[in-house]
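I have placed the structure first, in the form of structure tokens, so that the comments after it can refer back to it.
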Amino acid sequence: MAEKELTLSIIKPDGVERNIIGRIISRFEKAGLTIRALRLTRLTREEAEAFYAVHRERPFFDSLATYMTSGPIVVSVLEGYNAIQKNRELMGATNPEKADEGTIRKDFAKNVEINTVHGSDAPETAAKEIAFFFPETELIKGNR
Ligand code: ATP
Ligand code: MG
């Protein structure tokens with residue numbers, strides 16, 4: 001059987017502000033993803049720009065950094081078979097207008113920027129993003 005995989009999830013400031021942390025995490029749990037690390041935090045401007053450094057040249061970069069620092073976020077590490085793809089399926093398309101029915105972004109996101117959740121897009125970025133928020137010692141091994 002394939003190895004379990006880790007991915008980084010962020011509930012962005014609009015999700016925390018609207019008090020839907022539990023509803024979002026419940027979707028991860030129902031899909032069989034388990035939580036290996038979890039923290040409420042708030043990004044500095046520097047951290048937000050570093051986290052989204054790949055988008056530095058995009059026209060929405062400044063606005064994205066402003067949004068991501070506008071309030072607290074919930075960062076977590078999810079574990080499961082195919083966790084990266086599974087989480088992205090649960091999130092839906094970046095633009096909620098294009099997201100499938102029943103996805104987090106379809107149900108909760110405001111627009112293509114204020115879109116409620118982030119999820120790593122590949123194993124290499126997942127490893128980098130997890131290390132960005134969590135030292136190895138904060139990844140707690142479960143028994144399931
Ligand atoms: P994320 O990386 O947050 O999981 P994603 O992989 O679906 O989302 P990316 O293309 O990596 O989307 O964009 C990163 C984030 O930048 C998006 O989630 C969104 O908040 C913002 N963003 C993306 N495209 C646009 C756009 N055209 N206009 C404004 N903001 C955008
Ligand atoms: Mg992305």
Q.
Would you confirm whether or not the range 58-69 contains a residue that is at pLDDT 95 or above and under 13 Å from the mean Cα position of the chain (by Cα)?
A. yes
Q: For the range 22-51, name all the residues that are surrounded by 16 or more Cβ atoms within 10 Å (Cβ to Cβ) and more than 16 Å from residue 130 (Cβ to Cβ).
A: 24, 25, 27, 48, 49
Q: Go through the range 30-60 and give me each residue that's part of a loop (DSSP other than H, G, I, E, B), more than 17 Å from residue 13 (Cβ to Cβ) and touching a residue at least 40 places away in the same chain (Cβ under 8 Å).
A: 31, 32, 33
Q: State whether one or more residues within the range 86-103 are closer than 20 Å to residue 131 by Cα and not in a helix (DSSP H, G or I).
A: no
**Q.** Matching option when the condition is surrounded by fewer than 19 Cβ atoms within 10 Å (Cβ to Cβ) and not in a loop (DSSP other than H, G, I, E, B), among 9, 63
**A.** 63
Q) For the range 94-113, does any single residue satisfy the condition of being within 10 Å of ligand 1 (Cβ to nearest atom) and within 14 Å of residue 24 (Cα to Cα)? A) yes
Q | Identity of the residue in the range 63-90, of a type in the set (A, V, I, L, M) and under 11 Å from residue 12 (Cβ atoms), that ends up nearest to ligand 1 (Cβ to nearest atom) | A | 64
Q.
Quick check on the range 76-99: of everything there that is away from ligand 2 (no atom under 15 Å from the Cβ) and of a type in the set (A, V, I, L, M, F, W, C), which residue is surrounded by the most Cβ atoms within 10 Å (Cβ to Cβ)?
A. 78
Q: Output the residue which, of all residues in the range 112-144 that are more than 16 Å from ligand 2 (Cβ to nearest atom) and farther than 19 Å from residue 40 by Cα, is surrounded by the most Cβ atoms within 10 Å (Cβ to Cβ).
A: 142
(Q) Within the range 20-41, does at least one residue satisfy the condition of being away from ligand 2 (no atom under 16 Å from the Cβ), at pLDDT below 95 and either within 19 Å of residue 127 (Cβ to Cβ) or not aromatic (Phe, Trp, Tyr) (or both)? (A) no
Q. Residue 123 is checked against (1) within 12 Å of ligand 1 (Cβ to nearest atom); (2) on the phi < 0 side of the Ramachandran plot and fails just one. What number does that condition carry?
A. (1)
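The values are calculated or read from the model by the stated rules, or taken from the named source; none is laboratory data. All figures in this text were calculated on a predicted structure; none of them were measured in a lab. Note: ideal-geometry Cβ built from the backbone for every residue, glycine included; neighbour counts use all protein chains shown.
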